[in-house]
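Visitor: Following this message is one structure expressed as structure tokens.
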Amino acid sequence: MDTVAARLAPFGTTIFTEMTRLAQRHRAVNLAQGFPDFDGPDFVKDAAIDAIRAGRSQYARMIGDPALNAALATRWQSLTGHAVDPDIQITVTSGCTEAIAATMLGVINPGDRVVMFEPFYDSYRATAAMAGAQPRFVTLRPPPNLRAGEVTDSPFWFDMGELERAMAGARAILVNTPHNPTGHVLSRDELERIAFLCAKHNVLAITDEVYEDLTYAHEHVRLATLPGMSERTITLSSLGKTFSLTGWKIGWAITTPELSRAVRAAHQFLTFATATPLQIGAIAAIERGTPYVTSLRAQFSEAREFLAATLASLGFGVVMPRGTYFIMADHSEVSRRMGVAGDVEFCRQLPERFGVAAIPPSVFFDNPEHGRSLVRFAFCKKRETLEEAARRLRAIGPAPRA
Ligand SMILES: Cc1ncc(COP(=O)(O)O)c(C=O)c1O
């Protein structure tokens, strides 16, 4: 009997579940799933614990605890210079994942075209399907100078003509910057082009900015701050990546009053509200988190250099990420020596043969061929975890000399 509804049947079990199972079976160092192997900051945890002890355990307000909405509005104003009404324009959700679902279900009608970049975060396509949207993909491509055994600073890129064709007639574009899994941070020029096309074709922009605080010497530009875009952008983000608290699932959507009504129309029936004590913890993070974020960024910046150099020394072609905590690399030369073909086979064999788990990115492409030669590693790990992964991976052998 087919138990899964037709609209979700094509998506199966996420690749993270399969790779985590393989990592556990082979006691592999898990560089597959994107969460830290260290804890978030004590001052945030203490604020949540104090809230529980103080009896803050009943339903939160549907749109978010008033103090959290206020803290998010203050932060938004200091980051963008734009004032927002905390109780009208901000909705607190259960992670960015729920914000994505609430936005799709709230603003998209069946049959609407939604443009997204491939590779995409896996929930985009599934929530687009739940909303009955027609997805249309624009491909992010590795830089042409990507070579085995080298690290390139050149970024991923996309074809502007492809974007222009996709945007004509679309209802919305989903933009993720900094981008998982490529580590690309969309440049101001790229975002200005997207903004121009949004205005030209009357397209809404939904931005997923969960890695907004994790950029390395590259500016994170918020699409909502470009001229004319605050009226048509829904900015989504969350606490998890910035504060190493991925399990807390506190997210938010910031937008106009009209678009806010649409997001809330879905949010109220998806989760209604998000865990009260964790929202109280989130206030501490937002109001007092800057020193923590600065040191986390420095830690990840070193981890990024270390993993990039390690992978290149083994024969991977590495694109230095400008943001996030992921590295995308070309594995062709390494998999040739291993005698395997394609990213899925490469990632299935890596835990058993070398004791390290990674993610095959082809599952994040509409056309899996576009991701076949690539592999994603997460570097949001303790230094000793990354050193252990490097020690194990060295069994692959050094990159052959050119
Ligand atoms: C691009 C992107 N968006 C959203 C999420 C989910 O965010 P949250 O944990 O806040 O639901 C992730 C988590 O991996 C992500 O990489």
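Visitor: At PHE269 and GLU150, where each label point lies 7 Å from the Cα along Cα→Cβ, what is the point-to-point distance in nanometres?
Guide: Result: 5.5 nm between the two label points.
Visitor: Going by average Cβ neighbours within 10 Å, how do the peptides 310-323, 54-67 rank, with the highest at the top?
Guide: 310-323, 54-67
Visitor: Using +1 at the C-beta of Lys and Arg and -1 at the C-beta of Asp and Glu, which of CYS380, THR127, GLY342 has the Cα lying farthest in the positive direction of the dipole of the chain?
Guide: Among CYS380, THR127, GLY342, the one farthest towards the positive end of the dipole of the chain is GLY342.
Visitor: Of the candidates THR177, THR91, THR152, which one comes out as most mobile in a Gaussian network treatment of the chain with C-alpha springs shorter than 10 Å?
Guide: The residue with the greatest mean-square fluctuation here is THR152.
Visitor: Now for a different question. Given R₀ = 51 Å, FRET efficiency for GLU384-ASP2 by Cβ-Cβ distance, to 0.05?
Guide: Working: r = 46 Å, r/R0 = 0.90.
Calculated value: 0.65.
Visitor: Next question, about the same structure. About the Cα centre of the chain, how large is the charge dipole given +1 on each Lys and Arg Cβ and -1 on each Asp and Glu Cβ? Please answer in debye to the nearest 20.
Guide: 640
Visitor: Could you line up TRP252, TRP76, TRP157 from fewest to most neighbouring Cβ atoms inside 10 Å?
Guide: The order, fewest Cβ neighbours first, is TRP157, TRP76, TRP252.
Visitor: List the lysines whose Cα sits under 30 Å from the Cα of LYS45, skipping any in the same chain fewer than 8 residues away.
Guide: The qualifying lysines are LYS241, LYS249, LYS381, LYS382.
Visitor: State the extension gain, in nm to one decimal, for the chain segment bounded by ALA54 and THR294, taking 0.36 nm per residue of separation less the distance between their alpha-carbons.
Guide: Contour length minus Cα-Cα distance gives 83.3 nm.
Visitor: Continuing with this model, one more query. For the pair GLN77 and LYS200, how long in nm is the line joining their label points, each one 7 Å along Cα→Cβ?
Guide: Once both label points are built, they end up 3.7 nm from each other.
Visitor: Let me check against my output: what whole-number percent is the relative contact order of the chain, with C-alpha pairs under 8 Å and at least 6 apart?
Guide: 26
Visitor: What is the distance in Å between the Cα centroid of the range 180-224 and that of the range 47-111?
Guide: Between the Cα centre of the range 180-224 and that of the range 47-111, the gap is 21 Å.
Visitor: In addition: When every alpha-carbon pair in the chain is counted, what percent end up more than 37 Å apart? If you can, show how the numbers build up before the last one.
Guide: Values: 16752 of 80601 pairs.
When every Cα pair of the chain is considered, 21 percent fall beyond 37 Å.
Visitor: Then there is this: Which of rounded, prolate or oblate describes the range 1-70 when judged by the alpha-carbon gyration tensor and an a/c cut-off of 1.5?
Guide: On the way: a/c = 3.15, a/b = 1.47, b/c = 2.14.
The shape class here is oblate.
Visitor: Tell me the volume per residue, in Å³, of the convex hull enclosing the alpha carbons of the range 1-149.
Guide: Cα convex hull per residue, to the nearest whole number: 263 Å³.
Visitor: Spin-label point model (7 Å from Cα, Cβ direction): what's the ARG261 to GLU345 distance in nm?
Guide: Here the modelled spin labels are 5.6 nm apart.
Visitor: Name the shape class, rounded, prolate or oblate, that the alpha-carbon gyration tensor gives for the range 120-265, where a ≥ b ≥ c are the square roots of its eigenvalues, rounded holds for a/c under 1.5, and otherwise prolate holds if a/b is larger than b/c and oblate otherwise. Don't skip to the end; give the middle numbers.
Guide: On the way: a/c = 1.59, a/b = 1.19, b/c = 1.34.
Judged from the Cα gyration tensor, the range 120-265 comes out oblate (a/c at least 1.5, b/c at or above a/b).
Since every read-out is calculated from the coordinates, none of them should be taken as a lab result. This one's a predicted model, so the numbers in the text were calculated from it and none came from an experiment. Don't worry about glycine lacking a Cβ; one is built from the backbone with ideal geometry, like all the others, and counts go over all protein chains shown.
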